[in-house]
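What follows is a single structure, written as structure tokens, with notes after it.
FYI, it's all coordinate maths here, none of it is from the lab. Please read these numbers as outputs of a predicted model, since none were measured by experiment. Please note: Cβ atoms are built from the backbone with ideal geometry, for glycine as well, and neighbour counts cover all protein chains shown.
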Amino acid sequence: MRRTIALGLLLAGTTFALTGQDVLSRLQKRYRKLKSFSAEFTYKFCWKLVGEERQEEGKIFFRKPNLFRIETPERLVVCDGETVWNYTPAAGQVLVTSYGDRNLSPTLKDLISDYLEGYVPYYIRPDSVSGRRCHLIKLVPKDPEEGTEVFLWVDGRRWVVRKLSYSDEIGNETTYLLKNVKINPKLEGKMFDFEVPEGAEVVDLRPKR
């Protein structure tokens with residue numbers, strides 16, 4: 001019994017010895033090494049003012065350096081590394097933006113970079129998401145006017161994000177939950193090509209040359 005207790009204390013001490021920066025740095029290291037990934041996600045938005053909740057499920061596919069595809073029942077977002085197409089079938093409309101226009105289409109690379117450069121990470125506690133042991137960290141913006149606090153649940157074995165949550169200035173909460181995360185799956189290049197559906201309206205928001 002004493003050995004069991006001692007081992008438990010040792011493991012707990014090892015977990016709590018991690019800092020927020022340790023967790024964030026390992027997350028960045030994982031990102032630098034991966035070539036591609038895919039995951040299923042659940043998006044949840046809680047509208048505090050009216051007490052309503054909206055939930056949406058989808059899939060995300062990413063391949064370095066700048067290719068990604070996001071599929072949900074309501075929209076399709078595709079990036080070929082230069083151009084981002086955001087298609088909403090119900091509206092019959094395609095919004096076109098340039099990759100790297102972070103105000104209109106923030107990229108995964110931008111998000112990871114921002115977490116490291118624009119935020120100060122704090123370790124909160126060990127936690128679990130869908131039965132997986134995670135490290136919960138809070139990211140506080142260095143400039144309060146440039147962002148909001150973000151909570152990340154990082155898988156302690158694979159060092160990938162399992163859950164992300166943040167609230168806006170009036171208390172509306174946004175949460176993303178990731179599952180079936182696959183590291184370095186084989187993703188064909190044609191996944192990141194987009195052909196405008198017949199009859200769809202195209203709104204090109206790219207800067208005019």
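Points worth noting:
- For Lys208, a cut-off of 30 angstrom between C-alpha atoms picks up these lysines, skipping any fewer than 8 places away in its own chain: Lys64, Lys109, Lys190.
- Length gained on full extension, Arg158 to Ala90, computed as 0.36 nm times the residue gap minus the Cα-Cα distance: 20.7 nm.
- Within region 117-156, the GluC sites (Glu not before Pro) that combine a DSSP coil assignment with at most 16 other C-beta atoms in a 10 angstrom radius are Glu149.
- Counting beta carbons within 10 Å around each of Glu57, Glu201, Glu169 and listing the fewest first gives the order Glu169, Glu201, Glu57.
- Backbone N under 16 Å from the Ala200 label point (7 Å along Cα→Cβ), restricted to region 61-78: 68-78
- Averaging Cα coordinates gives a centre for region 138-186 and one for region 26-78; these two points are 11 Å apart.
- Placing a pseudo-label 7 Å from each Cα along the Cα-to-Cβ vector at Thr72 and Thr42 gives an inter-label distance of 1.5 nm.
- The lysines within cross-link reach of Lys179, meaning a Cα-to-Cα straight distance under 17 Å and a gap of 8 or more places when in the same chain, are Lys44, Lys59, Lys163.
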